[in-house]
Amino acid sequence: MTATAYLAGPDVFLPNAVEHAARKVEICRRFGLQGLPPLNQDIETAAKALDVWQSIYEKDIAMMERCDIIIANLTPFGGASADAGTLIEVGWFLGRGKPIFGYSNVSESFEQRMRRQLGDGCANLGIEGFHLPDNLMIVGAVSSGGCPIFVPRDGEARGIDALDVFEACAAAAAHVVADQKER
């Protein structure tokens with residue numbers, strides 16, 4: 001049985017979101033996973049009786065319920081941390097005990113990003129000094145899937161749409177899922 005992966009992240013906001021999602025689905029397929037990206041190109045038809053936002057929410061929840069794992073793009077979006085909607089989706093999987101896998105196309109630590117955003121005065125704010133790729137709660141949730149948050153090995157930041165770190169994360173997710181099936 002093929003594991004189904006919910007492909008969370010701000011990628012849905014890319015101008016070429018459909019094509020980008022197709023590339024991610026193909027990468028998942030190569031590793032024996034079925035990737036499901038939460039695209040909203042068909043939402044106008046689905047949103048007859050509901051507001052569009054509510055229709056998107058309900059569609060995404062239904063899609064998450066069909067998935068075995070989540071692979072989340074945690075690249076900072078709109079600030080120093082990951083996309084807020086993606087984090088809700090990660091929490092949804094955490095609450096159901098489903099494996100969580102995540103990656104970021106930025107290797108700079110959360111602390112470094114916060115200090116750059118808030119300046120020198122942030123020392124008094126108790127910014128995490130753990131040198132983690134994101135907030136410790138996000139790192140803890142992803143670690144529950146058995147892997148760390150994947151970041152670029154070469155330390156070079158990539159755009160939100162880069163796929164090499166996603167590919168490494170998907171390969172690891174497939175490996176962990178296969179190991180769990182053998183037990």
- [ ] Please find, within region 122-159, the residue that is modelled with the lowest pLDDT out of those that are closer than 28 Å to Lys98 by Cβ and among the charged types (D, E, K, R).
- [x] Glu128
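From Leu50, Leu74, Leu94, which residue is at negative phi, out of contact with any Cys (no Cβ under 6 Å at 6 or more places or on another chain) and modelled with pLDDT under 95? Step through it out loud before you land on a result.
Values: Leu74 fails: modelled with pLDDT under 95; Leu94 fails: modelled with pLDDT under 95.
From the options Leu50, Leu74, Leu94, the qualifying one is Leu50.
Would you say Ser143 is within 18 Å of Pro10 (Cβ to Cβ) and among the hydroxyl-bearing types (Ser, Thr, Tyr)? Step through it out loud before you land on a result.
On the way: within 18 Å of Pro10 (Cβ to Cβ): no; among the hydroxyl-bearing types (Ser, Thr, Tyr): yes.
Here the answer is no, as Ser143 does not meet what is asked.
Results for (1) in contact with a Leu (Cβ under 8 Å, 6 or more places away or on another chain); (2) under 23 Å from Val12 (Cα atoms), shown as yes or no for each residue.
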position	(1), (2)
Phe101	no, yes
Ser104	yes, yes
Ser109	yes, no
Leu136	no, no
- [ ] Please specify each residue of region 88-105 satisfying the condition of being in contact (Cβ under 8 Å) with a residue 40 or more places away in the chain and over 16 Å from Glu128 (Cβ atoms).
- [x] Glu89, Val90, Gly91, Phe93, Leu94, Pro99, Ile100, Phe101, Gly102, Tyr103, Asn105
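Of the residues in region 142-181, how many are of a type in the set (Phe, Trp, Tyr) and out of contact with any strand residue (DSSP E or B) (no Cβ under 7 Å at 6 or more places or on another chain)? Don't jump to the end; show me each part of the working.
First pass over region 142-181, keeping only residues of a type in the set (Phe, Trp, Tyr): 150, 166.
Next, from what is left, pick out any that are out of contact with any strand residue (DSSP E or B) (no Cβ under 7 Å at 6 or more places or on another chain): none.
Residues flagged as of a type in the set (Phe, Trp, Tyr) and out of contact with any strand residue (DSSP E or B) (no Cβ under 7 Å at 6 or more places or on another chain) within region 142-181 amount to 0.
Could you list all residues from region 147-162 that are closer than 14 Å to Ala72 by Cα and surrounded by fewer than 18 Cβ atoms within 10 Å (Cβ to Cβ)? Give the steps one after another, and end with the answer.
Of the residues in region 147-162, the ones closer than 14 Å to Ala72 by Cα are 147-151, 160-162.
Within region 147-162, Pro148, Ala162 meet the criteria.
With the requirement that a residue be crowded, with 20+ Cβ neighbours inside 10 Å and within 11 Å of Pro37 (Cβ to Cβ), what does region 6-19 give you?
Step one: of region 6-19, the residues crowded, with 20+ Cβ neighbours inside 10 Å are 6-12.
Answer for region 6-19, where residues must be crowded, with 20+ Cβ neighbours inside 10 Å and within 11 Å of Pro37 (Cβ to Cβ): Tyr6, Leu7, Ala8, Gly9, Asp11, Val12.
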Task: Contacts under 9 angstrom Cβ, first residue in region 134-154 being touching a residue at least 40 places away in the same chain (Cβ under 8 Å), partner of a type in the set (D, E, K, R) and not in a helix (DSSP H, G or I), 6 or more apart - done: Asn135/Glu128; Val142/Asp134; Gly145/Lys98; Ile149/Asp134; Val151/Glu108; Pro152/Arg158
Task: Tally, over region 58-87, of residues that are basic (Lys, Arg) and free of Cβ contacts under 8 Å to residues at least 12 places away in the same chain - done: 0
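Looking at this structure, is Gln112 at pLDDT 95 or above and of a type outside the set (Asp, Glu)? Give the steps one after another, and end with the answer.
Numbers: at pLDDT 95 or above: no; of a type outside the set (Asp, Glu): yes.
Considered against the rule, which asks whether it is at pLDDT 95 or above and of a type outside the set (Asp, Glu), Gln112 comes out as no.
Return the only residue of Ala162, Ala178, Ala168, Ala157 being out of contact with any helix residue (DSSP H, G or I) (no Cβ under 9 Å at 6 or more places or on another chain), in contact (Cβ under 8 Å) with a residue 12 or more places away in the chain, closer than 20 Å to Leu33 by Cβ and part of a loop (DSSP other than H, G, I, E, B). Walk me through it before giving the result.
Numbers: Ala178 fails: part of a loop (DSSP other than H, G, I, E, B); Ala168 fails: part of a loop (DSSP other than H, G, I, E, B); Ala157 fails: closer than 20 Å to Leu33 by Cβ.
The conditions single out Ala162.
The values are calculated or read from the model by the stated rules, or taken from the named source; none is laboratory data. Please read these numbers as outputs of a predicted model, since none were measured by experiment. Glycine gets a Cβ as well: all are built from the backbone with ideal geometry, and neighbour counts include every protein chain shown.
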